[in-house]
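Notes for the one structure printed next.
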Amino acid sequence: MAQLVYSSKINKIRSFALILVFAGILLMYVGLLLKKVEWVMVLFFILGVISIVLSTVVYFWIGMLSTKAIPIVCPSCNKPTKMLGRVDACMHCKQPLTLDKELEGKEFDEKYNSRKYRRELKKKQSNK
Ligand SMILES: [Zn+2]
């Protein structure tokens, strides 16, 4: 079975924002190359600006998320990291982490963060 590497959610969002910045710069550069056709240049510039504005929004969002994240010390590399949701991965060593004792030792799965899964888990427990 393929070993999936989960990266920390904050890191994922951060790299997404970085890609947006580069995409924006690239779009504007392409616009500059096509300056002979005015509307194409304007179009690429607008797209570039939108992309950069979006990345700013995403960066702002990361800031908001970071304040909600729970700071912990990673048990496997002993570095401080932040967790989002019930399961997340360490920012430094990609070690899957969980805040839930019930999920300890289980295979790391993004589904543990979903509301649907939690609801089903509750249903199962009340049926016992
Ligand atoms: Zn770690």
Spit out the partnerless Cys residues in the chain, using Cβ distances under 4.7 Å as the pairing rule.
-> none
Rg (one decimal) and Dmax (whole number) from the Cα set of the stretch 14-63, in Å, equal 11.9, 40
Please give the contour-minus-distance gain from Ile25 to Lys111: 0.36 nm per residue of separation, less the Cα-Cα distance, rounded to one decimal in nm.
-> 27.4 nm
Packing-based exposure ordering (other Cβ within 10 Å, fewest first) of Thr56, Thr81, Thr67 = Thr67, Thr56, Thr81
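Within 10 Å, at most 11 other Cβ atoms, and a DSSP state outside H, G, I, E, B define an exposed site. Report the longest part of the chain free of exposed GluC sites (Glu not before Pro).
1-103
Pull out the extension gain between Lys101 and Lys122, defined as 0.36 nm times the separation in residues minus the alpha carbon to alpha carbon distance; nm, one decimal.
So the extension gain works out to 6.1 nm.
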Nearest 10 degrees, 0 to 90: what angle lies between the long axis of helix 9-33 and the longest principal axis of the chain (Cα atoms)?
-> 10
May I ask which of Lys9/Lys35; Lys79/Lys124; Lys9/Lys101; Lys12/Lys35 have a Cα-Cα span longer than 31 Å here?
-> Lys9/Lys35; Lys79/Lys124; Lys12/Lys35
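So how much slack lies between Leu43 and Ile72, counting 0.36 nm per residue of separation and subtracting their Cα-Cα distance, in nm?
This chain segment gains 5.9 nm when fully extended.
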Two-decimal Rg/Rh of the stretch 9-127 from alpha-carbon positions, Kirkwood Rh?
-> 1.20
Tilt relative to the chain, helix 38-68 - C-alpha long axis, 0 to 90 degrees, to 10 = 30
Long-range HN-HN contacts of Met91 with modeled amide H, under 5 Å | Lys82
Selected from Leu99, Leu54, Leu34 as most flexible by GNM, with the chain as the system and alpha-carbon contacts under 10 Å = Leu34
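With a 10 Å Cβ neighbour count serving as the proxy for reagent exposure, in which order, fewest first, do Met64, Met28 appear? Let's see the in-between values first.
Numbers: Met64 9, Met28 19.
Ascending number of Cβ neighbours within 10 Å: Met64, Met28.
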Positive-end residue, the chain charge dipole about Cα centroid, Cβ charges, pick of Phe44, Phe22, Ile62 | Ile62
Listed residues Ser76, Ser66, Ser114; largest mean-square fluctuation, Gaussian network over the chain with Cα springs below 10 Å, found at Ser114
When the chain is treated as a Gaussian network with springs between alpha carbons less than 10 Å apart, the largest mean-square fluctuation among Tyr59, Tyr117, Tyr29 is found at Tyr117
Rank the residues Val87, Val21, Val73 as a footprinting-exposure proxy: fewest other Cβ atoms within 10 Å of their Cβ go first.
-> Val73, Val21, Val87
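Every read-out reported here was derived from the displayed coordinates using simple, explicitly stated rules and does not represent laboratory data. If you're wondering where the values come from, they're calculated on a predicted model, not measured in any experiment. Reconstructed Cβ throughout: ideal geometry from the backbone, glycine too, with neighbour counts over all protein chains shown.
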